[in-house]
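Report on one structure; see the data block that follows.
The values are calculated or read from the model by the stated rules, or taken from the named source; none is laboratory data. From a predicted model like this one, the values you see are computed outputs, not experimental measurements. Positions of Cβ are generated from backbone atoms using ideal geometry, with glycine treated the same way; all protein chains shown enter the neighbour counts.
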Amino acid sequence: MKIAVTGGTGFVGRSLTNELINKGHEVLVLTRNIKNKTNSKQLSYVQWLNEDDKPEETLEGIDVLINLAGESINSGRWTDERKGIILDSRISATREVLRIFKNLNKKPDTFINASAVGFYGTSVTKTYTEESIEAGLDYLAKTVQKWEIEAHKAQEIGIRTVLCRFGIILDKNNGALPRIALPYKLFTGGTVGTGNQWVSWIHLKDVIKGIMFAIKEELVEGPVNFTAPNPVTMREFGQTLGEVLHRPHWMPAPAFALKAALGEMSILVLEGQKVIPGKLVSNGYPFLFEDIRSALKDIY
């Protein structure tokens with residue numbers, strides 16, 4: 001297939017692009033700057049999001065477009081300016097994707113758009129599936145809701161649309177895990193906050209395989225929770241991480257200290273949500289890593 005990827009040079013995008021190429025697909029990576037990037041038989045770079053760019057001229061005939069573009073939520077305190085950049089980067093990229101669709105003579109069959117379990121808001125008592133339709137009230141929930149509303153417009157023009165609500169993606173070198181693991185490596189790891197908050201996690205390998213599964217399975221559409229079937233509390237996550245790394249789990253990180261250090265962004269580690277991947281399970285996706293111990297052992 002001919003597959004376009006935005007955000008193809010990012011954390012998930014790099015691994016996904018490699019997997020698509022390994023499976024024999026032709027991949028077009030949309031990027032702001034194509035300088036110093038080398039095209040090959042299976043991989044080419046297409047410039048977009050700059051004034052006068054017309055990527056649709058190159059994207060004619062694509063079967064799938066995967067939109068992973070957006071400013072990282074982990075790269076700085078959530079000042080008002082920063083929050084605006086996080087939201088605007090997602091909305092502007094998604095609107096440009098929709099503009100491209102409207103200018104293609106043949107629309108792609110499938111549109112896969114990144115999203116997040118932050119849609120649901122936070123809770124220590126509720127369990128969320130894709131049937132949980134009410135969005136949370138915090139900044140992250142409102143951001144995800146606006147993003148999904150924009151992306152869902154592709155469905156209205158006849159394109160099967162999948163909204164990948166990613167949980168915490170686990171990888172050795174990228175994402176949240178290296179920061180969580182660092183105190184353990186320094187023998188200072190311990191429970192973060194109360195420890196009762198839920199961690200809805202997923203191994204990077206299951207993210208990539210799950211996206212490949214969503215491309216193939218035509219019945220998969222709408223919001224899809226990209227989380228492992230067995231979420232854990234932060235306390236269990238930390239204890240398991242310590243055991244896998246052969247390090248103690250003893251020095252707590254109190255909530256007030258994290259709030260002082262991270263500001264509003266502390267919600268990412270101090271609060272959470274218990275999310276179940278109902279659609280992936282019901283459609284027969286075979287998870288590579290269903291429990292946190294096997295996932296962390298594979299990574300470390």
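So here's what we get for this one:
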read-out: Set 170, 140: member being in contact with a His (Cβ under 6 Å, 6 or more places away or on another chain) and either closer than 21 Å to residue 203 by Cα or of a type in the set (A, V, I, L, M, F, W, C) (or both); value: 170
read-out: Of the criteria (1) over 18 Å from the mean Cα position of the chain (by Cα); (2) surrounded by 14 or more Cβ atoms within 10 Å (Cβ to Cβ), which one residue 35 fails; value: (2)
read-out: Top-ranked residue of region 157-211 - restricted to ones that are basic (Lys, Arg) and within 30 Å of residue 63 (Cβ to Cβ), ranked as surrounded by the fewest Cβ atoms within 10 Å (Cβ to Cβ); value: 209
read-out: Number of the condition not met by residue 62 [criteria: (1) under 19 Å from residue 162 (Cβ atoms); (2) within 22 Å of the chain's Cα centre (by Cα)]; value: (2)
read-out: Matching residues in region 77-120 - criterion: being under 17 Å from residue 155 (Cβ atoms), touching a strand residue (DSSP E or B) at 6+ places or on another chain (Cβ under 6 Å) and not in a helix (DSSP H, G or I); value: 108, 110, 111, 112, 113, 114, 115
read-out: Test: residue in region 64-76 that is in contact with a helix residue (DSSP H, G or I) (Cβ under 9 Å, 6 or more places away or on another chain), in a loop (DSSP other than H, G, I, E, B) and either aromatic (Phe, Trp, Tyr) or over 27 Å from residue 267 (Cβ atoms) (or both); value: no
read-out: Residue 226 aromatic (Phe, Trp, Tyr) and modelled with pLDDT of 95 or more; value: yes
read-out: Set 92, 123, 115: member being under 18 Å from the mean Cα position of the chain (by Cα) and surrounded by fewer than 18 Cβ atoms within 10 Å (Cβ to Cβ); value: 92
read-out: 1 or more residues under 24 Å from residue 16 (Cβ atoms): qualifying helices (runs of 4 or more DSSP H) within region 166-280; value: 177-185, 204-216, 267-270
read-out: Residue in region 76-88 that is touching a residue at least 40 places away in the same chain (Cβ under 8 Å) and within 23 Å of residue 20 (Cβ to Cβ) present; value: no
read-out: Subset tally (residues that are in a helix (DSSP H, G or I) and hydroxyl-bearing (Ser, Thr, Tyr)) for region 1-47; value: 2
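Residue by residue, here is whether (1) in contact with a Pro (Cβ under 6 Å, 6 or more places away or on another chain); (2) of a type in the set (Asp, Glu); (3) surrounded by 12 or more Cβ atoms within 10 Å (Cβ to Cβ) holds:
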position: 41; (1), (2), (3): no, no, no
position: 53; (1), (2), (3): no, yes, yes
position: 59; (1), (2), (3): no, no, yes
position: 73; (1), (2), (3): no, no, yes
position: 77; (1), (2), (3): no, no, yes
position: 98; (1), (2), (3): no, no, yes
position: 101; (1), (2), (3): no, no, yes
position: 105; (1), (2), (3): no, no, no
position: 129; (1), (2), (3): no, no, yes
